[in-house]
Every structure is written in C-alpha cells, then in structure tokens.
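Have a look at the structure below, then the notes.
The values are calculated or read from the model by the stated rules, or taken from the named source; none is laboratory data. Computed from a predicted structure; not experimentally measured. Every residue, glycine among them, receives a Cβ derived from its backbone with ideal geometry; neighbour counts consider all protein chains shown.
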Amino acid sequence: MNKPDYHIFVCASFRGTEAKGKCIKKESLRLIPYLEEELADRGLNAMVSSTGCLKLCEDGPVMIIYPQGYWYREVNSEEVVDEILDALEKGHAAESHLLA
Ligand code: FES
C-alpha cells in the first residue's frame, strides 16, 4: 500500500476500552461508510481511522484531516462530509465547520 495523501480521523468516543464519549452517540461512525465511498468516488488517496475520545465531545462528532491539521466539529451529516471534501479537493478548509 502506498502512503496515503490524507489521513482522516473520525472520533469513535473510546475512553479506555469503552465508547463513553458523545461522538458515537451523535452517530459519528454511521458516516464512515459514506466518507469512504466519497473518497473512492473522488479518487482521493486517503486512509480513514477511528479514534478514541478527542476531548471535544460538545463539538462532536469530531473529524480531523492530516497532514493539513484541519479539526472539524459537528460532522453530523453526509452534507457536511461533502462540504469538507469539496473544500479539501479545492485545497482549503471548510471554514464553517473548523474548530476554533
Ligand atoms: S467522544 Fe468525540 S470528542 Fe469525545
């Protein structure tokens, strides 16, 4: 496997061995299949990983894109994923969902 151009982290709320945080309750994991499908459709070379709680639960679901270092809040719908990926393809952040 080639090194991906982007590594996208989606919060899966784990604290220790249990998913105790809020992102998973806000259905963060439900969006992963859609995210992976969109990445493939757009031909983006990206890897998606789920993470433990990022300690930003009130802003969740949280998603991070590296190497850009974009931290996103309230990634809670396919429309938001589209907005974020549209911006990524254009080479900038989706400002309306960036964490301050
Ligand atoms: S569960 Fe996602 S930031 Fe805490």
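Scanning region 56-75 for residues that are within 12 Å of the ligand (Cβ to nearest atom) and without any contact (Cβ under 8 Å) to a residue 12 or more places away in the chain turns up nothing. How do the pairs read when you match residues in region 1-22 that are closer than 21 Å to residue 68 by Cβ and modelled with pLDDT of 90 or more with residues anywhere that are buried (at least 18 other Cβ atoms within 10 Å of the Cβ) and among the charged types (D, E, K, R), using Cβ under 6 Å and keeping only pairs 6 or more apart or on different chains? Listed pairs, sorted by first residue: none to list.
Selection of first residues in region 76-91 that are over 18 Å from residue 23 (Cβ atoms) and of second residues that are part of a helix (DSSP H, G or I), restricted to Cβ pairs under 6 Å at least 6 apart or on distinct chains, gives the following pairs, ordered by first then second residue: 85/38.
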